[in-house]
1. With each label point set 7 Å from Cα along the Cα-Cβ vector, what nm distance links GLN383 and SER123?
2. Evaluate E = 1/(1 + (r/R0)^6) for ASP95 and CYS15, where r is the Cβ-Cβ distance and R0 equals 35 Å; express this FRET efficiency to the nearest 0.05.
3. Where in the range 99-140 is the amide nitrogen less than 13 Å from a point lying 7 Å along the Cα-to-Cβ axis of ASP166?
4. Rounded to two decimals, what is the ratio between the C-alpha radius of gyration of the range 275-388 and 2.2 N^0.38 Å?
5. Using a Cα-Cα cut-off of under 16 Å, which aspartates and glutamates could be cross-linked to LYS361, ignoring same-chain neighbours fewer than 8 residues away?
6. Counting Lys and Arg as +1 and Asp and Glu as -1, what is the net charge of the other residues whose Cβ lies under 14 Å from the Cβ of ASN189?
7. Grab the alpha carbons of the range 216-308, take their convex hull, and tell me the volume per residue in Å³.
8. So for the range 60-183: antiparallel DSSP bridges make up what percent, rounded to the nearest 5?
Amino acid sequence: MNQETPKHVRQISKCIIKPHKISEESKQPHYLTPWDLSLLNLNYIQKGLLFRKPAPSFEDPNPTITFIDQLKHSLSMTLTHFYPLSGRMVTKQQDNPPFYGIYVDCSDDSVGADFIHAAVDLSMLDILTPVDVPRIVQSFFALEGAICYDGHTEPLLVVQATELLDGIFVGCSFSHVIGDGTAYWKFFNAFAEICRKLRKASKQAGDQHIECNISHPPITRRWFMEDHIDPTLISLPFSHHKEFVEDPYERPLLRERMFHFTEESMKKLKAKANKECNTQISYFQALTAFVWRSITRARHLTSDQKTSCRLAIDDRLRLNPPPSENYFGNCVQSVCGTTTVGELLEHGIGWAALVVHQSIKEHTNEKICGLREQWMKKPLIYQSGPFFEVPIVHMGSSPRFDVYGCDFGLGTAVAARSGFANKFDGKVTSYRGLTGIGSVMLEVCLPPESMSALESDEEFMDAVSPHEIHVQHLAYV
């Protein structure tokens, strides 16, 4: 299928899903931390999974409709635990004394998450076979182009289930102010767990009235680092949202392509990096260095230009004491290594990996606490402009996330894909590879000319699995 094939996603229905049960905690204002508030200007997180469509049977001749109904029921029960996703943002403002604060209100009976049932006349192979990710995949997600501040009027969560001819894509648009990638996949796994239990109960007894317990209940109370301080409403140094909300950014034309690195390939990259720099480099640091150098070569930049490699990094494991692993919120920042194009390409993967390694090593508890103190003295809302500046390579998401553990009762997902959100020249999104722990799948976004140069780079292409073999593997997962 060519990317421009005139197929369209059509909406079948749309409804509001409210939490199955309302707790006293959910009726209280949900205050936001510096980590949360700094992301008001960024897009929603948009990630989803492609599954095989359930087969009709004598007992259930319309299993897809049954599954859609079970998804709605499961979402309601999941929101009981993840209630901030059912709220809306509220701005509290006063002139004397000056105060401007943003929080989440979940107490209004009219709020909830949106659920969209959609369909498209395409097969799973129409999505998986093309070398580039087809642009129609972006239509598998709602709220295209929305930023987190829009949560004042838009839902903080929209789940869209898109029927294909032989598959179902379950995608979420999830406000980044409510949680980071770790929080997102905690929610998605809980959503899948409840749906799986619901489907099992339905098959065994025809009874959908199951308990909405989950294996890892989230801690939704906001964590402000100091245990003795109760969550509070932070005053931002603004009087109007136009002072920090950017004008919409017109994104350049990008190609998006998935590249799969097997466990064997990852081991080779790590061994090469460790040998060259004589330091214990992790698998992912070696991969990051390899991708940074490869994309930089593909951009054909002058040797004196600066180039940076930015990584999203989870603070949960670096803070002392650390928050709970079930903390549901944002606890992520970015670290950055910078050098010149000439220096990066004159040296090998080991040297680049050492730059990456050092930037991560320096991100200590003391540095994180210092950055937070600076933010409290001078609150900052990230502007997306710097993310679009060439020549940055930004490594987002993580192969540690349990993406393929999200089983909705349809078996293991065939593929993971993302939407329009937070994509720019040099954005690289990482997933666990389908061939198991140790393998990695990368979604790379580049302008057409840079992507073509990357595809012609023998060193890079020798390290990735051929696209045809990857598609064949997906067909039989």
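The values are calculated or read from the model by the stated rules, or taken from the named source; none is laboratory data. These numbers come from a predicted model, not from an experiment. We place every Cβ from the backbone using ideal geometry, glycine too, and count neighbours over all the protein chains shown. Protein only, heavy atoms only, side chains kept; ligands, DNA and RNA dropped before computing areas. Shrake-Rupley method; radii C 1.70, N 1.55, O 1.52, S 1.80 Å.
1. With each label placed 7 Å out from Cα toward Cβ, I get 4.9 nm.
2. 0.30
3. Taking a point 7 Å out along Cα→Cβ of ASP166, the residues of the range 99-140 whose backbone N falls under 13 Å are 122-129.
4. Computed over Cα atoms of the range 275-388, the ratio equals 1.21.
5. Partners within reach: ASP314, ASP315.
6. Surrounding charge for ASN189 is +2.
7. Considering the Cα atoms of the range 216-308, their hull volume per residue is 308 Å³.
8. 70
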